Amino acid sequence: QVQLVESGGGLVQPGGSLRLSCAASGVQVSISTMNWYRQAPGKQRELVATISSGGITNYVELVRGRFTISRDNAKNSVYLQMNSVKPEDTAVYYCNTKWFGLGCWGKGTLVTVSS
C-alpha cells in the first residue's frame, strides 16, 4: 500500500521561502516519477513540478526558476523548495505518483503566502 505524507506548509510572506517534504512508503521514489500538484481555492488542481526516475525535472512555467523539486533516495522522500513565493502560490500542495497505473495522493499541506 502506497502512502504519501506531505509536510512543511504554513504561512510565509511574499518573497520568502518554504520547503515542502513528501515522505513515501510502499513505493521507491528512486525508481518512480514523483510529482507535486497544487490546488488553489476555487481552482482546479494543477501540476507544479515533476522528477523522473532518471532525475529529470520539469516545472510549470509559473514556478520555473523559483521552485526546485528534489529527492533523497535514502530517506525515500521528495521535496519542493519554494523561493520568491507570491500570493498566487497560495494553495494546498499535494505529492503524487503512480503505482501500477493508479494515481496515489497524499492529503496535502497548505501553503499561504500573505503579508
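Amide H contacts of R71: Y79, each under 5 Å away and 5 or more positions distant or on a separate chain (H built 1.01 Å from N in the peptide plane; Pro and chain starts excluded). Accessible surface computed residue by residue for the chain, with neighbouring protein chains in place and a 1.4 Å probe, gives 55 Å² per residue.
Comparing N73, N83, N96 in a Gaussian network model of the chain, where Cα atoms under 10 Å apart are tied by springs, the biggest mean-square fluctuation is seen for N73. With Cα atoms defining each centre, the stretch 1-28 and the stretch 47-115 are spaced 8 Å apart in the structure. Here the accessible area of the stretch 21-115 is 52 percent carbon and sulfur, with a 1.4 angstrom probe and all protein chains present. Each residue of the stretch 13-27 was assigned a 3J(HN,Hα) from its phi angle through the Karplus expression (A = 6.51, B = -1.76, C = 1.60, θ = phi - 60°), giving 7, x, x, x, 10, 8, 10, 9, 10, 9, 8, 10, 9, x, 8 Hz with x at Gly and Pro.
Across the chain, C-alpha contacts under 8 Å between residues 6 or more apart give a mean separation that, scaled by the residue count, equals a relative contact order of 37 percent. Taking a straight Cα-Cα cut-off under 22 Å and skipping sequence neighbours fewer than 8 places away in the same chain, the lysines within cross-link reach of K86 are K43.
Counting only aspartates and glutamates at least 8 places from K75 when in the same chain, those with an alpha carbon closer than 16 Å to its own are E6. The local environment of L110, defined by Cβ-Cβ distances under 11 Å, has a net charge of +1 under the rule Lys, Arg +1 and Asp, Glu -1.
The values are calculated or read from the model by the stated rules, or taken from the named source; none is laboratory data. None of these values were measured; they are calculated from a predicted model. Methodologically, a virtual Cβ is constructed for each residue, glycine included, from the backbone with ideal geometry; neighbour enumeration extends over all protein chains shown. Keep in mind that these areas ignore ligands, DNA and RNA; they rest on the heavy atoms of the full protein, side chains included. Shrake-Rupley method; radii C 1.70, N 1.55, O 1.52, S 1.80 Å.
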